[in-house]
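Notes follow the structure.
The values are calculated or read from the model by the stated rules, or taken from the named source; none is laboratory data. All values reported here derive from a predicted model rather than from experimental measurement. Because the Cβ atoms are built from the backbone with ideal geometry, glycine has one as well, and the counts that use them run over all protein chains shown. These accessible areas exclude ligands, DNA and RNA; they are computed on the full protein's heavy atoms, side chains included. Shrake-Rupley method; radii C 1.70, N 1.55, O 1.52, S 1.80 Å.
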Amino acid sequence: MKTFATLRMPEIILYGRGSFEVVGKEAAALGKKALIISDRIMNDLGYVRQCKQYLEENDINYAVYLDINSEPTDFYVDESLQMYLQTGCDLIISLGGGSCIDVAKAVAVIVTNGGYIGDYMGGNKLASSKPVPHISIPTTAGTGSEVSDVTVITNTKNDVKMMIKQPAFIPTVAIVDPILTVSSPKAVTAATGVDALSHAIEAYLSKKAHPMTDVLALSAMELIVKNIRNAYNHGEDLDAREAMALGAMQAGIAFSNASVCLVHGMSRPIGALFHVPHGVSNAMLLPAVLEFSQEECVERLAKLGEIFSSEPSLSNTELALLAVKEVKKLCLDLEIPNLHIWGIDEEIFNQVIDKMASDALASGSPDNNPKVPTKEEIIELYKICYNYSNETSNRKGETV
C-alpha cells in the first residue's frame, strides 16, 4: 500500500517585526468580541494593553483572562471557558508563552464540541465541529504551539500531562512578531530555545518524518543553533531574536506533522509531577536521550553535526558524535540545570519514577523514537538525567 504524507498548519501565518500590530484587522475578519487569554506578566509588560488598543482601533470588543501562572491545567481551561461563555465572545486571542496558547486551543475546541478536555486524549473524542476562531501570538521563541495541532494540558486530579493531538487544535491565525520575544529573560530564552531545538531534532529523527517536515526541521535546527547563544547573551539583538522566532515556528510545524519522540514522552511526567516548565524539562533530557538514540539514527544525526562542523572530511559516525557533544556544550553554555540542581528531591523522584516511565510510554511519543525504549530503559534514563552533567558525563560515564 502506498503511503502519503500530510502537512497541516494555520490558515494564515503572519511573521516578522511589527506583525503584532495587525491583530485587530485579523480579529475583525473573524468575529466581533475576543477573549484574550494571557497572563499577568504579559499584562505588566504592556502587551495586553497593546492588544486591546489594536482591537479597539478595529471596533472589536474584548474580555480578558489573565490567571494562567503555571504550566497549563484543566483548571485554567475551565475558568477561561466559563469567561468566554459568560461574556458573549465569538473568537479567542492567545498572547503569551505555550501555556496561554495551549489553554486557548482547548477552549476553542470545547466551545463548539463540548466535554472535558481530557475526553479528547488519545482520540477518544474527536472534534468534529469547527473550533472557535483562534489567533495565537507567541511571546517566546520555543514551544511552536502557535502553529501546531497539539495541546498539552495537565489533569489536576491525577497529575498527568495530557498530550492531545487533533487538527482542530491548530490556531486559525498565527502572528509571530519577534519584537515580543525581546522581553524574555535569559533563563526563559535558554529553556524555550532548547525546547525549540528539541522539536526540530525530534521531528527530523521521528519515524513519522517526511520530506516536507525534513525541510522545516533542518532549517529550524540551523537557525536555532546559529542564533541561540546571541539571543541568550544579547537579548536586544533583534536579528537573533527574529531568527529564533522563525526557527521555533518552523520546528512547531515540523513536529506537529511528524510527531515528537522520547524527549517529550519523558518530559511530560516531570512537568506534571514536579511542575517543571516544559521547555526546561525538555532541555534537561535532550543530551542524554540523544546519546541513547544515536546508534539508531547516525545518518540523520550527522545532518545536525554538519550544522556545527566546518570540517568536510568527517564521517557520518563522527558527525553524529559531534552533534551530541555540541548539544551538550550548548546546554552547558545556556546554563541548563539537571533535575537535582533544579531542586527535585531524589527520594521523591525515585518513588514516582515507575509511574513516570509508564506515563511516558502511555503518551505514545517514545514509539516514534529511532530507538524505541523499554520501560526499564526509560527508568534508567530518568536516573541518568537526575545528576546528568553536560560538561563531563555521557551515558557510559566517559569523559567527553
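Brief remarks follow.
- Phi angles of the stretch 257-267 translate, via the Karplus equation with coefficients 6.51, -1.76, 1.60 and θ = phi - 60°, into HN-Hα couplings of 9, 10, 6, 8, 10, 5, 4, 6, x, 7, 6 Hz per residue; Gly and Pro are given as x.
- Rg/Rh ratio calculated on Cα atoms of the stretch 117-243 (Kirkwood radius): 1.00
- Summing +1 for each Lys or Arg and -1 for each Asp or Glu among the other residues whose beta-carbon sits under 13 angstrom from that of Leu85 gives -2.
- Close amide H contacts of Leu14 (hydrogens built in the peptide plane, cut-off under 5 Å, sequence separation of 5 or more or a different chain): Ala174, Ile175, Val176.
- Rounded to the nearest whole Hz, the Karplus-based 3J(HN,Hα) values (6.51 cos²θ - 1.76 cosθ + 1.60, θ = phi - 60°) of the stretch 202-211 follow the sequence 5, 4, 6, 8, 4, 5, 9, 5, 9, x, with x at glycine and proline.
- Val22/Lys329 FRET efficiency (R0 35 Å; Cβ-Cβ; nearest 0.05): 0.30
- Solvent-accessible area, 1.4 Å probe, carbon plus sulfur percent, for the stretch 164-246: 60
- Extreme residue, positive dipole direction of the chain, given options Asn43, Val327, Pro138 (C-beta unit charges): Pro138
- Each of Ser206, Ser389 has its accessible area taken with a 1.4 Å probe; listed largest first, they run Ser389, Ser206.
- Partner lysines whose Cα lies under 22 Å from the Cα of Lys32, excluding those fewer than 8 positions away in the same chain, are identified as Lys52, Lys105, Lys130.
- Listed by chain and number, the lysines whose alpha-carbon sits under 16 Å from that of Lys328, ignoring those within fewer than 8 places in the same chain, are Lys226, Lys396.
- Think of each Lys and Arg Cβ as +1 and each Asp and Glu Cβ as -1; about the Cα centre, that makes the dipole of the chain roughly 720 debye.
- Seen against the Cα atoms of the chain and their longest principal axis, helix 278-293 is set at about 30 degrees.
- Relative contact order for the stretch 1-93, counting Cα pairs under 8 Å that sit 6 or more residues apart, in percent: 37
- Direction-averaged projected area, Cα convex hull, the chain: 19.0 nm², rounded to one decimal.
- Distance from the C-alpha centroid of the stretch 205-245 to that of the stretch 1-80: 23 Å, rounded to the whole angstrom.
- Average accessible surface area per residue within the chain, 1.4 Å rolling probe, Å²: 41
- Whole-Å distance, taken between Cα centres, linking the stretch 92-111 and the stretch 340-385: 28
- Mean projected area in nm² (Cα convex hull; one quarter of hull surface) for the stretch 1-144: 10.0
- Distances between placed amide hydrogens fall under 5 Å for Ile93 paired with Leu35, Ile36, Ile37, Ile135, all partners being 5 or more residues away or on another chain.
- On Cα atoms only, tilt of 74-86 relative to the major axis of the chain in degrees: 20
- For Met162, the amide hydrogen comes within under 5 Å of the amide hydrogens of Ile153, Thr154, Asn155, counting only partners 5 or more places away or on other chains and with H modelled in the peptide plane.
- In plain terms, the chain from Lys52 to Tyr116 could stretch by 20.1 nm, reckoned as 0.36 nm per residue minus the Cα-Cα distance.
- Stokes-Einstein D for the stretch 13-52, Kirkwood Rh over Cα pairs, 25 °C, 0.890 mPa s (µm²/s): 218
- Convex hull of the stretch 277-400 built on C-alpha atoms - directionally averaged projected area, nm²: 7.9
- Solvent-free Debye scattering, log10 I(q)/I(0), computed from the Cα coordinates of the stretch 104-157 at q = 0.15, 0.23, 0.30, 0.32 Å⁻¹: -0.46, -0.99, -1.33, -1.39
- The modelled label-to-label distance between His340 and Arg229, using points 7 Å beyond Cα along the C-beta direction, is 2.7 nm.
- Taking a sphere under 15 Å around the Cβ of Lys207 and counting the other residues whose Cβ falls inside, with K and R at +1 and D and E at -1, yields a net charge of -2.
- For the stretch 63-157, pairs of C-alpha atoms spaced more than 21 angstrom apart make up 24 percent of the total.
- ³J(HN,Hα) computed for each position of the stretch 302-312 - Karplus, 6.51 cos²θ - 1.76 cosθ + 1.60, integer Hz, glycine/proline x: 4, 5, 5, x, 5, 5, 7, 9, 10, 8, x
- Gain upon complete extension [Ser310, Leu85; 0.36 nm per residue less C-alpha separation]: 75.4 nm
- Candidate aspartates and glutamates for bridging to Lys25, where Cα separation is under 14 Å - those fewer than 8 sequence places away on the same chain excluded: Glu56, Glu57, Asp59
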